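The next block holds one structure in the form of structure tokens; read it before the comments.
The values are calculated or read from the model by the stated rules, or taken from the named source; none is laboratory data. No experiment lies behind these values; they were computed from the predicted model shown. Here the Cβ positions follow ideal geometry from the backbone for every residue, glycine too, while neighbour counts run over all protein chains shown. These accessible areas exclude ligands, DNA and RNA; they are computed on the full protein's heavy atoms, side chains included. Shrake-Rupley method; radii C 1.70, N 1.55, O 1.52, S 1.80 Å.
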Amino acid sequence: MPEALIDVDDLQIGYGRRRRDGSSLVVRNVSFEIGEREVLALVGESGSGKTTVARAVAGLIKPWGGEMRFGSDGDEL
């Protein structure tokens with residue numbers, strides 16, 4: 001199986017201040033891989049975090065937790 005071009009594991013993103021109970025998280029436990037010549041569609045209701053995930057993968061916002069790797073070398077995003 002070819003290596004993933006983008007590998008996201010257990011992504012967690014929030015806005016505002018972090019709370020101990022995790023209530024300020026807007027994205028929890030998101031994981032996916034995108035391989036060469038593959039397309040990924042994020043589907044969900046309005047406000048479910050689709051744009052927030054895309055912004056994190058693009059490097060526009062910093063995730064609170066999880067890992068994102070890019071390319072066959074596994075460079076962190």
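Among the conditions (1) at pLDDT 95 or above; (2) surrounded by 13 or more Cβ atoms within 10 Å (Cβ to Cβ), residue 31 misses just one, which is (2). Please identify the pairs in which a residue from the range 29-49 that is at negative phi has its Cβ atom under 6 Å from the Cβ atom of a residue that is assigned to a loop (DSSP other than H, G, I, E, B) and open to solvent by less than 100 Å² (accessible area, probe 1.4 Å), counting only partners at least 6 apart or on another chain. So the pair list comes out as 34/40. Output yes when any residue across the range 12-21 is over 13 Å from the mean Cα position of the chain (by Cα), not in a loop (DSSP other than H, G, I, E, B) and not aromatic (Phe, Trp, Tyr), and no when none is. No, the range 12-21 contains no residue that is over 13 Å from the mean Cα position of the chain (by Cα), not in a loop (DSSP other than H, G, I, E, B) and not aromatic (Phe, Trp, Tyr). Looking across the range 34-43, just one residue is open to solvent by 40 Å² or more (accessible area, probe 1.4 Å) and under 12 Å from the mean Cα position of the chain (by Cα), and that is 42.
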